[in-house]
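Structure first, then comments.
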Amino acid sequence: MPFLVILILAQERSASYLAAAIFVVGAATDGLDGYLARRYDSTTRTGVWLDPLADKILVAAPVLTLAALGEFPVWGATILVARELAISLLRVVLGLRGQSVPASRAAKLKTTLQLLAMTLYILPLGHGANGLKLAVLIVALVLTVVTGADYVVHAMRPRHVARGLSEEWRH
């Protein structure tokens, strides 16, 4: 992440392309890691907690950097980072109670859209792409808020109810 942030701060075309490539590779390896862990049934309680945290860091570092440079809407960064911090805190609290909160399919889609939005904002696409970037960001932020609220609702259910959650919640 530090190298990615430095490349974004350079604000040079070639550095932006390299930053986008590093960001995409980081996102792809994170996705591959999760896929392999599920495929070979090698998930751990720690991994279930750390993987979403890594996703949040992967998104938050460039978002905050781009927002500080005026290249990303501050309101969008605020919504995104506030939700991610709140859900990370929720995961910690639940983890201390011996409960885990696996990512739902909707949350995985949210992460994918966040990663796409971030890639678009990192790339030096010019003003002609502003509408596309904003559209993808808005869809990602709507899912960010909706899935965040969904996590809170499910976390507040009594433990015996939480065990019977829908297939959507468990996968």
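The values are calculated or read from the model by the stated rules, or taken from the named source; none is laboratory data. The structure presented is a predicted model; accordingly, all values stated were derived computationally and were not measured. A quick note on method: Cβ atoms are made from the backbone with ideal geometry, for glycine too, and the neighbour counts reach across all protein chains shown. Note: areas computed on protein heavy atoms with side chains; ligands, DNA, RNA excluded. Shrake-Rupley method; radii C 1.70, N 1.55, O 1.52, S 1.80 Å.
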Exercise for the section: Look at Ala106 and say whether it is under 22 Å from Arg38 (Cα atoms), aliphatic (A, V, I, L, M) and assigned to a helix (DSSP H, G or I). Expected result: yes
Exercise for the section: Among residues belonging to segment 1-29 that are in contact with a Leu (Cβ under 8 Å, 6 or more places away or on another chain) and part of a loop (DSSP other than H, G, I, E, B), point out the one that is farthest from Leu58 (Cα to Cα). Expected result: Gln11
Practice task
Only residues that are in a loop (DSSP other than H, G, I, E, B) and either surrounded by 12 or more Cβ atoms within 10 Å (Cβ to Cβ) or at pLDDT 95 or above (or both): list them for segment 154-171, please.
Solution key: Arg157, Leu165
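Any idea which of Asp55, Asp150 is within 13 Å of the chain's Cα centre (by Cα) and farther than 23 Å from Ala10 by Cα? Let's see the steps before the verdict.
Values: Asp150 fails: within 13 Å of the chain's Cα centre (by Cα).
When all the criteria are applied, what remains is Asp55.
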Practice task
State all residues of segment 45-64 that are open to solvent by 80 Å² or more (accessible area, probe 1.4 Å), at pLDDT 75 or above and in contact with a helix residue (DSSP H, G or I) (Cβ under 8 Å, 6 or more places away or on another chain); if no residue qualifies, say none.
Solution key: Leu64
Handout entry: Subset of segment 103-130 that is buried (at least 17 other Cβ atoms within 10 Å of the Cβ) and touching a residue at least 60 places away in the same chain (Cβ under 8 Å) - its residue that is farthest from Val24 (Cα to Cα)
Key = Ser104
Problem - Number of positions in segment 136-153 that are within 11 Å of Lys110 (Cα to Cα) and either open to solvent by less than 50 Å² (accessible area, probe 1.4 Å) or of a type in the set (Lys, Arg) (or both) - result: 8
Exercise for the section: Kindly establish whether Arg91 is over 15 Å from the mean Cα position of the chain (by Cα), closer than 26 Å to Leu50 by Cβ and among the charged types (D, E, K, R). Expected result: no
Exercise for the section: Would you check if Val5 is farther than 20 Å from Val101 by Cβ and either in contact with a Cys (Cβ under 7 Å, 6 or more places away or on another chain) or open to solvent by less than 50 Å² (accessible area, probe 1.4 Å) (or both)? Expected result: yes
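Considering only segment 76-85, I want to know if a residue exists there that is open to solvent by less than 60 Å² (accessible area, probe 1.4 Å), over 26 Å from Lys133 (Cβ atoms), assigned to a helix (DSSP H, G or I) and in contact with a helix residue (DSSP H, G or I) (Cβ under 9 Å, 6 or more places away or on another chain).
Narrowing segment 76-85 to residues open to solvent by less than 60 Å² (accessible area, probe 1.4 Å): 76-77, 80-84.
Then drop every residue that is not over 26 Å from Lys133 (Cβ atoms), which leaves none.
Checking segment 76-85: not a single residue is open to solvent by less than 60 Å² (accessible area, probe 1.4 Å), over 26 Å from Lys133 (Cβ atoms), assigned to a helix (DSSP H, G or I) and in contact with a helix residue (DSSP H, G or I) (Cβ under 9 Å, 6 or more places away or on another chain).
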Handout entry: In segment 92-102, residue modelled with the highest pLDDT [restricted to those that are in a helix (DSSP H, G or I) and surrounded by 15 or more Cβ atoms within 10 Å (Cβ to Cβ)]
Key = Leu94
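Filtering segment 18-44 down to residues that are out of contact with any Pro (no Cβ under 7 Å at 6 or more places or on another chain) and touching a residue at least 40 places away in the same chain (Cβ under 8 Å), which residue is most open to solvent (accessible area, probe 1.4 Å)? Can you show your working first?
Taking segment 18-44 first, the residues out of contact with any Pro (no Cβ under 7 Å at 6 or more places or on another chain) are 18-22, 24-44.
If we keep only those that are touching a residue at least 40 places away in the same chain (Cβ under 8 Å) as well, we get 19-20, 24, 27.
Details: Ala19: 0, Ala20: 6, Val24: 70, Ala27: 20 Å².
If we take residues in segment 18-44 being out of contact with any Pro (no Cβ under 7 Å at 6 or more places or on another chain) and touching a residue at least 40 places away in the same chain (Cβ under 8 Å), then Val24 is most open to solvent (accessible area, probe 1.4 Å).
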Exercise for the section: Could you please let me know if Leu53 is assigned to a helix (DSSP H, G or I), in contact with a Lys or Arg (Cβ under 8 Å, 6 or more places away or on another chain) and among the aliphatic types (A, V, I, L, M)? Expected result: yes
